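**Q** One structure follows; several queries about it will come next.
What follows is calculated from the coordinates using simple rules that are stated; it is not laboratory data. Treat the numbers as computed from the prediction; the structure is a model and nothing was measured. So basically every Cβ, Gly included, is an ideal-geometry build from the backbone, and we count neighbours across all protein chains shown.
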Amino acid sequence: EEVKDERTYQRYTEIMATLPRERGFAQDLLYQHQGFWYWDRYLPGVMAVQNHFIAQPSDVLLVSTPKCGTTWLKSLISAICNRKLHPLTQSPLLTVNPHQLVPFLEADLYANNQIPDLDILPSPRLLATHMPYSSLPQSVFDSGCPVVYISRNPKDTFVSMWHFLNKISTKESIMPSTVEEAFEMFCNGASLYGPFWDHVLEYWRASIERPQYVMFLKYEEMQAEALVHVKRLAEFIRCPFSLEEEKEGVVDEIIRLCSFQNLSRLDINKTGQASFGDTHIKFNTFFRKGKVGDWSNYLTPEMIDRLDQISKQKFHGYGLTL
Ligand code: A3P
């Protein structure tokens, strides 16, 4: 099996070598596959997911582009789905990072040059990906499993991504890019899983065309009205809160448990780290400020205008504002 898997991944690496290539924010390599830009280290995993992952109707698939609130949504989905297994006061979230509770398909489960056996995971399998809608494996659509997408305004997403990539580019020989350089790349679409706007738009359209299967959330709306959105989310992933639970304040308790303030102060998230494929990431890099509007501290009026123009132009006619 192992030899077979190695050959499969070897083939993906060969295909990769034929694809368009660009330097990313952290001088890392990005490859363009089916219209989107992927990190070199996770693209073989993406191809493996496309060819080998079989979604089941009971799965819950969480999707985002990087830095839109993935960690937060992972914690919420995990807390909602597992609340009958563990009282919230003994939640696994208190000792385990959300990325370990809801693993990434391409950047974790399929990232180690092996095709994993996911049938051994308890049901419902809570899985995450950053893959664009148009590149999801067919079984996701056939299975009818719920797909939850979280989006965020491009200004905060960009600022968050720039900080994140600078923090994890640990090699001393590598100079992190300036905000200006990174900004050009982001606007031109050559950023992780970019173009950002195309990624968001695909899921937005899917959520309108297949609302029973694709839910579209906005980071800012979740911040503003957590209670409403967490209840909607629970219904969508088929773990609705009972009236009794609502009366007992279970929803508020979950919101508190998964809040930036709470998660970022836990030991595991302050000092823990994990490998995502061959990339080590300290969990504290997933928690920076957790605020809406931090872009105003980093972007010039020209940059703001440029991002707003792109959003207007790309989203115009689809009824989407971010
Ligand atoms: P900032 O860099 O703006 O602070 P992702 O999880 O997709 O990588 O996104 C990371 C962003 O979400 C970071 O944004 C991070 O601080 C914020 N974040 C992490 N945990 C959060 C939580 N529990 N609630 C709200 N925001 C959170």
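**Q** Given the options 249, 272, 194, state which has the largest fluctuation in a GNM of the chain using a 10 Å cut-off (strictly under) for Cα springs.
**A** Sorting by GNM fluctuation, first place goes to 249.
**Q** As a test of understanding, state the convex hull volume per residue of segment 181-239 from its alpha carbons, in Å³.
**A** Dividing the Cα hull volume of segment 181-239 by its residues yields 98 Å³.
**Q** Follow-up. Given a 10 angstrom Cα cut-off, can you work out which residue in 27, 273, 90 is the most mobile in a GNM of the chain?
**A** Top of the fluctuation ranking is 90.
**Q** How do 81, 68, 258 line up, fewest other C-beta atoms within 10 Å first?
**A** Arranged by neighbour count, lowest to highest, 81, 68, 258 become 81, 258, 68.
**Q** Going by C-beta contacts inside 10 Å, put 110, 203, 12, 318 in order with the fewest on the left.
**A** Least to most surrounded, the residues fall as 318, 12, 203, 110.
**Q** Here's something else I'd like to know. Kindly provide the pair-distance distribution of the chain built from C-alpha pairs, with 10 Å bins from 0 and whole-percent values in order of increasing distance.
**A** For the chain, the pair-distance distribution reads 5, 26, 36, 25, 7, 0.
**Q** Here's a follow-up. Taking only Cα atoms and a 10 Å spring cutoff, compute GNM fluctuations for the chain and point out the largest among 188, 269, 112.
**A** The residue that fluctuates most here is 188.
**Q** Can you list residues from other chains, or at least 5 along the same chain, whose modelled amide H is less than 5 Å from the amide H of residue 217?
**A** Residues meeting the criterion, in which the H sits 1.01 Å from N, are 149, 150, 151.
**Q** Still on this structure: Counting other beta carbons within 10 Å of each residue's own, what order do 168, 80, 54, 281 fall into, fewest first?
**A** In increasing order of surrounding Cβ atoms, one gets 54, 168, 281, 80.
**Q** Further, regarding this structure: List the residue ranges in the chain for DSSP H helices whose C-alpha atoms run 18 angstrom or more along the long axis and whose Kyte-Doolittle average is 0.0 or above.
**A** Answer set is empty.
**Q** Taking a threshold of 18 Å on the Cα-Cα distance, which of the pairs 74/231; 84/218; 155/282; 291/312; 74/167 fall above it?
**A** Flagged as over cut-off: 84/218; 155/282; 291/312; 74/167.
**Q** Can you give the Rg to Rh ratio of segment 1-117, both from alpha-carbon atoms, with Rh computed by the Kirkwood formula?
**A** My calculation puts Rg/Rh at 1.03.
**Q** Which value in deg cm²/dmol, rounded to the nearest 500, describes the helix-derived mean residue ellipticity at 222 nm for the chain, given -39,500 (n - 2.57) per DSSP H run of n ≥ 4 and division by the residue count?
**A** The helix contribution divided over the chain gives -13000 deg cm²/dmol.
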